[in-house]
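The values are calculated or read from the model by the stated rules, or taken from the named source; none is laboratory data. From a predicted model like this one, the values you see are computed outputs, not experimental measurements. For neighbour counting, all protein chains shown are included, and Cβ atoms are generated from backbone atoms with ideal geometry for every residue, glycine included.
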Amino acid sequence: MSIYFMNLAFVIILGLLFYMTGSNRVKERIFVIIAFTSIFFVSGFRNINVGTDTKQYQQIFSTVANIDITNLFKVYRSEHGYLLLNKILSRFTVDPQAITILTSAIIIYAFAVFVYYNSDNVYISTFLFLTTFYFCISLNASRQFISVALLCNSFYFFKKGKIKSFLAIILLSSMFHLSSILFILILPLKLIKPKPKNFIYITIISFSLCFLLMFSNNIILNLLSHYDVYQGTQFFAGKAVRGTYIIWISQLCLAIISIYFLAREKKLLEIIDRNELFYLSIFMVFSVVIGLIGTKIFIFSRMAYYFGVFMIIFIPKILIKLKGIGGVLYLPMFFLLTLYYYYMLNSGSEGVVPYSFFWQFSTFK
């Protein structure tokens, strides 16, 4: 797993160099380009055995390359956007590594854009992208993470009130993973005032629905009729929590602290800032709720990514709001998240360890 920590160390050292010499938007842009290029290198040039589903994606590509486009959607029951991406790429090359490189490029570029335009601290957000394990999850669930990365960027338009652009990106993301349509649930938040009591109401309703669904499998099966092909597989079994509860606790703490600021500093916060804190707090609740349902049916746990990943921009925002106290928390945060990163890698989660590049015959342990 040394390749992951080499990459993490590079990002940390690079971030410190840029930050300590005086940060500005130009330096932040350069940092994001360099850091995410190094992350792309690890993702795009990985071996077929790195990531549980990587082999399956490459097999799909090889099959799609030999299928006439008129029969493409009859052979595979998968989202049309993803199949078309494979088909178009196969016109240029039939090397299956190409689909790994292309999907990695799309995902990493989209996350780089997301961090640059939405984070209050691009250095911390890049560190969080790695250590909260979302990067490693993308090595496994590549198709879904195209949707996750697209939805992250839709948030920029959502908070700016550009609803048509927001909906257009959701539509695009659903062409790669239909479950991403779930993100449209945030649309009613535009009609709700960012007040602590409204957060409490939404939280109570969300957890009530969570427990209802957890103990009513028939309701879940009806909601997931599109995925009935997976019944009897691991996707309809319970998911082991492993270290995920640490992320859930962190997400709920972020939401509570954020709502505290909304209640205490309502006259000091600008309306745009208030709205964003409110939205991100709700996202954390949704992430935990959907994750809990995922302990009963695994396929639900993957839907939590659409909301949970926003913690990589939420944490820097909260640390800035904490002012002096926030500065004290940086070192413990770096230490604890690095330990969490090690734990998740060591547990074998997502099948990303041991690592090897596609041109290697032996593994890079």
Subject >> Members of the range 70-103 that are under 18 Å from ILE48 (Cβ atoms) and charged (D, E, K, R) >> reply: ASP95
**OP:** Please work out which residue is modelled with the highest pLDDT, limiting yourself to the range 1-29 and to residues that are farther than 15 Å from THR131 by Cα and polar (S, T, N, Q).
**Re:** ASN24
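Taking into account only those residues within the range 199-211 that are within 18 Å of ILE257 (Cα to Cα) and touching a residue at least 60 places away in the same chain (Cβ under 8 Å), which is surrounded by the fewest Cβ atoms within 10 Å (Cβ to Cβ)? Outline the logic, then answer.
Just the residues of the range 199-211 that are within 18 Å of ILE257 (Cα to Cα), to begin with: 199-204.
Next cut, touching a residue at least 60 places away in the same chain (Cβ under 8 Å) only: 199, 202-203.
Working: PHE199: 22, ILE202: 18, THR203: 21.
Going through the qualifying residues, I end up with ILE202.
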Subject >> The listed residue being more than 15 Å from PHE135 (Cβ to Cβ), of a type in the set (A, V, I, L, M) and in contact with a Cys (Cβ under 9 Å, 6 or more places away or on another chain), out of VAL113, VAL75 >> reply: VAL113
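Out of the residues in the range 235-275 meeting the condition of being part of a helix (DSSP H, G or I) and at pLDDT below 50, tell me which one is farthest from ILE297 (Cα to Cα).
Kept after step one, since they are part of a helix (DSSP H, G or I), are these residues of the range 235-275: 235-236, 244-264, 271-275.
Next, from what is left, pick out any that are at pLDDT below 50: 235-236.
Numbers: PHE235: 7, PHE236: 5 Å.
Here the answer is PHE235.
Restricting to the range 250-302, give me the number of residues that are under 22 Å from LEU322 (Cβ atoms) and β-branched (Val, Ile, Thr). Break it down stepwise before answering.
In the first step, residues of the range 250-302 are kept if they are under 22 Å from LEU322 (Cβ atoms); the result is 250-285, 287-288.
Cutting the leftovers down to β-branched (Val, Ile, Thr) gives us 256-257, 259, 271-272, 282, 285, 288.
The total comes to 8.
Going by the structure shown, is GLY291 surrounded by 13 or more Cβ atoms within 10 Å (Cβ to Cβ), within 30 Å of LYS197 (Cα to Cα) and of a type in the set (Gly, Ala, Ser)?
Working: surrounded by 13 or more Cβ atoms within 10 Å (Cβ to Cβ): yes; within 30 Å of LYS197 (Cα to Cα): yes; of a type in the set (Gly, Ala, Ser): yes.
So GLY291 passes the test.
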**OP:** Determine if the range 122-137 includes at least one residue that is out of contact with any Lys or Arg (no Cβ under 9 Å at 6 or more places or on another chain), farther than 25 Å from ILE13 by Cα and hydrophobic (A, V, I, L, M, F, W, C).
**Re:** no
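Would you check which residues across the range 292-340 are hydroxyl-bearing (Ser, Thr, Tyr) and in a helix (DSSP H, G or I) and list them? Reasoning before the result, please.
To start, the set of residues in the range 292-340 that are hydroxyl-bearing (Ser, Thr, Tyr) comprises 295, 301, 305-306, 330, 338, 340.
SER301, TYR305, TYR306, TYR330, THR338, TYR340, listed by residue number.
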Original post:
Can you find a residue in the range 341-358 that is assigned to a helix (DSSP H, G or I), surrounded by 22 or more Cβ atoms within 10 Å (Cβ to Cβ) and not hydroxyl-bearing (Ser, Thr, Tyr)?
Top reply: yes
Subject >> Residues of the range 183-203 satisfying the condition of being aliphatic (A, V, I, L, M) and either touching a Leu at 6+ places or on another chain (Cβ under 7 Å) or more than 18 Å from PHE166 (Cβ to Cβ) (or both) >> reply: ILE200, ILE202
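Tell me the residue from SER216, SER225, SER206 that is farther than 30 Å from TYR76 by Cα and at pLDDT below 90, please.
Details: SER225 fails: farther than 30 Å from TYR76 by Cα; SER206 fails: at pLDDT below 90.
After applying the criteria, what remains is SER216.
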